[in-house]
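Some notes on the structure that comes next.
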Amino acid sequence: MVSKLVLVMFVPVFVCSCVSIQKDTSLAKMKVLIDTDANNELDDQHALAYAFLNDAVFDVIGVTVNNTRNGYGIQGQYDEAERIIKLFNKEGQVPLFMGADKSYAEIAPYISENGFDGQPAVDFIIAEALKMQDEKLVLAPVGKLTNIALAILKEPRIIDKVRVVWLGGNYPDPGEYNLDNDTTAVNPVVESGVDFEMVTVRYGAPSGTSAVAVVPDEIEQHMRGKGPVSDNTIIGRHGGEFNRFGDYSANLFAEAEMYGNPPSRALFDMVVLAVLKNESWGEKVEIPAPKLLGNSWVDVPGNPNKIIYWQNFNRDAIVHDLFELMQKTTPKQ
């Protein structure tokens, strides 16, 4: 989850006529576990929805939640994730676990005790990671890194079994909402040697996920009334009844403050799933792993431990893909 006033220049979606490349359906789906602070604003919900819409690409083995500011507590985060799971008829298929409320530094001393803060999510992450044999489990944290750091602390054997792709950080600049919500969790993950990738945010800059923004008119045109119809009717976090994600998306945008010129909101978290689906929609840069001091990055040029950061995202391709998936899954009248 990312929450910050941003100034982004809106670039319209251009729909092009392209050669369709068929995927080899014999290939195994990518196993993904999404760790989210789902109730902070509106990008986490779209990340979950995008993952569920791409059921030919992703095997979402579970969702874990963590608590960041403005999310109405850990229960609020859990409830919002559950709403999206229900809107896609995934209850009973995609397990949901409550994770860390407090920070890594506050929880770590109690990691060997039963009932520590975040244990259900942490134990689920560990159990799923240890099942992996010939592939790595993709952990997609789109909030603070607390649950991931705690899982590594409790069971270091998962380090070689997971790939962490985090929505967070303004690297090389300091700060960012997910990072600031638990700065103590960052170094334990980066320094563990786990495969670590940072999908940069960079508020207001065209090179970060903050540039993957949409205006309300696009949501009205491409989301409202679109997408699969659920067997469930949920009560939204702002009230109202919904039985398809497209209508809930429109409600979330209607209730949210818009930023920039023209007024828009970024779909930060969804970009993680988008570049996992198609790496050409972003640029990967490998660097020696930096160190976080306070909330600022310090480069360590000689560090043999490497990480990857992502930048320069193809806004039009990513947003159009969401809209196309919503249209394809809309029942015919």
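Give me the residue from the stretch 231-260 that is within 16 Å of Asp79 (Cα to Cα) and among the hydrophobic types (A, V, I, L, M, F, W, C) and, out of that set, surrounded by the most Cβ atoms within 10 Å (Cβ to Cβ).
Phe245
Within the set of pairs 6+ apart or on separate chains, which have a first residue in the stretch 194-216 that is at positive phi, a second that is part of a strand (DSSP E or B), and C-beta atoms under 8 Å apart?
That search, which allows pairs on different chains as well, returns Arg202/Asn170; Arg202/Asp173; Arg202/Gln311.
For every residue, the table says whether it meets (1) over 25 Å from Leu33 (Cα atoms); (2) hydrophobic (A, V, I, L, M, F, W, C); (3) surrounded by fewer than 18 Cβ atoms within 10 Å (Cβ to Cβ); (4) touching a helix residue (DSSP H, G or I) at 6+ places or on another chain (Cβ under 8 Å).
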residue	(1), (2), (3), (4)
His222	yes, no, no, yes
Pro228	no, no, no, yes
Pro262	yes, no, yes, no
Leu276	no, yes, no, no
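Search the stretch 43-67 for residues being part of a helix (DSSP H, G or I) and aliphatic (A, V, I, L, M), and hand back the single one that is surrounded by the most Cβ atoms within 10 Å (Cβ to Cβ). Full working, then the answer.
Step one: of the stretch 43-67, the residues part of a helix (DSSP H, G or I) are 43-53.
Next, from what is left, pick out any that are aliphatic (A, V, I, L, M): 47-49, 51, 53.
Working: Ala47: 25, Leu48: 29, Ala49: 24, Ala51: 27, Leu53: 23.
Looking at the filtered set, the residue picked out is Leu48.
Does Asn70 satisfy the condition of being in contact (Cβ under 8 Å) with a residue 24 or more places away in the chain and assigned to a loop (DSSP other than H, G, I, E, B)? So that I can check it myself, show each step before the final result.
Working: in contact (Cβ under 8 Å) with a residue 24 or more places away in the chain: yes; assigned to a loop (DSSP other than H, G, I, E, B): yes.
Taking the combined requirement at face value, the residue satisfies it.
Sort out which residues of the stretch 284-333 are of a type in the set (A, V, I, L, M) and more than 24 Å from Ala51 (Cβ to Cβ), and write them in order of number. Don't jump to the end; show me each part of the working.
Our first condition is that a residue be of a type in the set (A, V, I, L, M); within the stretch 284-333, this holds for 285, 287, 289, 292-293, 298, 300, 307-308, 317-319, 322, 325-326.
Hits for the stretch 284-333 are Val285, Ile287, Ala289, Leu292, Leu293, Val298, Val300.
Scan the stretch 113-154 for residues that are of a type in the set (A, V, I, L, M), buried (at least 18 other Cβ atoms within 10 Å of the Cβ) and part of a loop (DSSP other than H, G, I, E, B) and jot them down.
Step one: filter the stretch 113-154 for residues of a type in the set (A, V, I, L, M), giving 121-122, 125-127, 129-130, 132, 137-140, 142, 145, 148-153.
Narrowing further to those that are buried (at least 18 other Cβ atoms within 10 Å of the Cβ): 121-122, 125-126, 129, 137-140, 142, 145, 148-153.
Selection gives Val142, Leu145.
Name the single residue that is surrounded by the fewest Cβ atoms within 10 Å (Cβ to Cβ) among those in the stretch 183-206 being closer than 23 Å to Met258 by Cβ and under 18 Å from the mean Cα position of the chain (by Cα).
Here is the first cut: in the stretch 183-206, the ones closer than 23 Å to Met258 by Cβ are 199-206.
Those still in the list that are under 18 Å from the mean Cα position of the chain (by Cα) too: 199-203.
Values: Val199: 28, Thr200: 27, Val201: 29, Arg202: 19, Tyr203: 22.
Result: Arg202.
For residues that are outside any loop (DSSP other than H, G, I, E, B) and among the polar types (S, T, N, Q), scanning just the stretch 310-333, find the one that is surrounded by the most Cβ atoms within 10 Å (Cβ to Cβ).
Here is the first cut: in the stretch 310-333, the ones outside any loop (DSSP other than H, G, I, E, B) are 310-311, 315-328.
Pick out the ones that are also among the polar types (S, T, N, Q) and you get 311, 327.
Values: Gln311: 19, Gln327: 13.
Ranking the candidates gives Gln311 first.
From the set of residues in the stretch 248-282 that are free of Cβ contacts under 8 Å to residues at least 24 places away in the same chain and part of a helix (DSSP H, G or I), which is farthest from Val229 (Cα to Cα)?
Filtering first and then ranking leaves Glu279.
Computed from the coordinates by the stated procedures, all read-outs in this text should not be read as laboratory data. These figures come from a predicted structure and were not determined experimentally. All Cβ positions, glycine included, derive from the backbone under ideal geometry; neighbour counts span all protein chains shown.
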